[in-house]
Amino acid sequence: MKKVLVVDDARLMRNILRRILEEDLECSVIEACGGEEAVELFKRHSPDAVTMDVTMENGNGIEAARAILAYDREASIVMVTSTGQERMVAEAVRCGVKDFILKPFTRERIRNAVGRVLGIGAPVGWTMAGEYR
Amino acid sequence: MELTHIDARFITLFLESYQEVFGRVFDCDVCRGTVSVMSSQNGHSTVAVLTGVIGNCHTGMVVFRMKEETARRMVGYLDPTMAAFRESMFEGLGEVFNIVSGNAVQHLAKNKIDLSITTPSVVAGNPLALHLLNQSAYSVSMLSPLGEVGIDIAIKRL
């Protein structure tokens, strides 16, 4: 079973992401509500993927993503962001994050983005073997 | 408060954004009522979400009013576990309107109106009487299958 670390300061968002990841991708989920806690939990649990909110009250998501990537260059991080934070998203991509999701997001978008970095999904319209469906 | 041209444009853009984001978050159609101007709100609402707004040219407050059942339905649609208890339901409601207001602010920025919003505060009471910064507010109702939400926008130019 794949393990995903969900990082968001809002409990509602963490719960929504947890439900989608558990029900649709059959992942086990661990949660952090700030950047520092996220880095700590990443080191302790080595999750297969991380969803990281960009702006949090207790810790910048970009800084946390950077710290995680400094610890593990291969970490699969998906940033969760609001519209208008394009500059921050570009910075995150330059740091090495794998994808980003805009809020408000759809269930399908979460499934596709996280599934893809976990290697258990494929871009919409393509099979895992690379054939168009 | 004077009803200037820029304020009317602000209201229109804000409401358009609210309508669009609300529809996307809750996957439903949202109908908008007519806009009126009032100095205080003493309707049937029992829950309100208050958001401060500040910018280079504007300052004020936006209030979302609704019945508690509507608030519970909205939070329950997204996360039934948080709707089960009153305290967590209010916490979830604040986050819902944080997303809505955040998107509205970005929508306004694209139209050259730069604003920041404060973290929403949720208040409840029965009856609930609100007085907005001793100034008049634009008030409008939004109707969706989840219930009615009143929006009071008390913004003035600096």
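The values are calculated or read from the model by the stated rules, or taken from the named source; none is laboratory data. Remember, predicted model here, so these are calculated numbers, not experimental data. Neighbour counts are summed over all protein chains in view; Cβ atoms, including those assigned to glycine, are modelled from backbone coordinates with ideal geometry. To get the accessible areas, we keep the full protein, side chains included, count just its heavy atoms, and leave off ligands, DNA and RNA. Shrake-Rupley method; radii C 1.70, N 1.55, O 1.52, S 1.80 Å.
Data overview
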| quantity | calculated |
| --- | --- |
| The stretch B:55-82, subset without any contact (Cβ under 8 Å) to a residue 24 or more places away in the chain and open to solvent by 10 Å² or more (accessible area, probe 1.4 Å), residue nearest to the other protein chains (Cβ to nearest Cβ) | B:81 |
| Subset of the stretch B:40-54 (residues that are surrounded by 23 or more Cβ atoms within 10 Å (Cβ to Cβ) and in a loop (DSSP other than H, G, I, E, B)) | B:45 |
| Close pairs (8 angstrom Cβ cut-off, 6 or more residues apart or separate chains): at the interface with chain A (Cβ under 7 Å from one of its Cβ atoms) and at negative phi in the stretch B:83-110, assigned to a helix (DSSP H, G or I) and of a type in the set (Asp, Glu) anywhere | B:103/B:20 |
| Residue under evaluation residue B:70, criteria (1) in a loop (DSSP other than H, G, I, E, B); (2) more than 22 Å from residue B:53 (Cα to Cα), criterion not met | (1) |
| Breaking point among (1) under 19 Å from residue B:97 (Cα atoms); (2) within 11 Å of the chain's Cα centre (by Cα), for residue A:82 | (2) |
| Boolean, residue A:108 is surrounded by fewer than 19 Cβ atoms within 10 Å (Cβ to Cβ), under 26 Å from residue B:108 (Cα atoms) and within 14 Å of chain B (Cβ to nearest Cβ) | no |
| Any hit, the stretch A:79-89, residues being charged (D, E, K, R) and either at pLDDT 95 or above or in a helix (DSSP H, G or I) (or both) | yes |
| Among residues of the stretch A:41-88, those that are within 14 Å of another protein chain (Cβ to nearest Cβ) and without any contact (Cβ under 8 Å) to a residue 24 or more places away in the chain, counted | 4 |
| Qualifying residue in the stretch B:119-140 (condition: within 21 Å of residue A:105 (Cβ to Cβ) and either out of contact with any helix residue (DSSP H, G or I) (no Cβ under 9 Å at 6 or more places or on another chain) or open to solvent by 60 Å² or more (accessible area, probe 1.4 Å) (or both)) | yes |
| Tabulated pairs, the stretch A:89-101, first closer than 19 Å to residue A:8 by Cα, second in a loop (DSSP other than H, G, I, E, B) and open to solvent by less than 10 Å² (accessible area, probe 1.4 Å), C-beta under 8 angstrom, 6+ apart or interchain | A:89/A:54; A:92/A:54 |
| Subset of the stretch A:29-61 (residues that are among the small types (Gly, Ala, Ser) and open to solvent by 40 Å² or more (accessible area, probe 1.4 Å)) | A:46 |
| Cβ pairs under 6 Å, 6+ apart, first in the stretch A:1-13 and more than 14 Å from chain B (Cβ to nearest Cβ), second open to solvent by less than 10 Å² (accessible area, probe 1.4 Å) and of a type in the set (Val, Ile, Thr) | A:5/A:50 |
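Residue-wise test of (1) over 19 Å from residue B:26 (Cβ atoms); (2) touching a Phe, Trp or Tyr at 6+ places or on another chain (Cβ under 8 Å).
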{"position": "B:68", "(1), (2)": "no, no"}
{"position": "B:71", "(1), (2)": "no, yes"}
{"position": "B:80", "(1), (2)": "no, no"}
{"position": "B:89", "(1), (2)": "no, no"}
{"position": "B:92", "(1), (2)": "no, no"}
{"position": "B:96", "(1), (2)": "no, no"}
{"position": "B:118", "(1), (2)": "yes, no"}
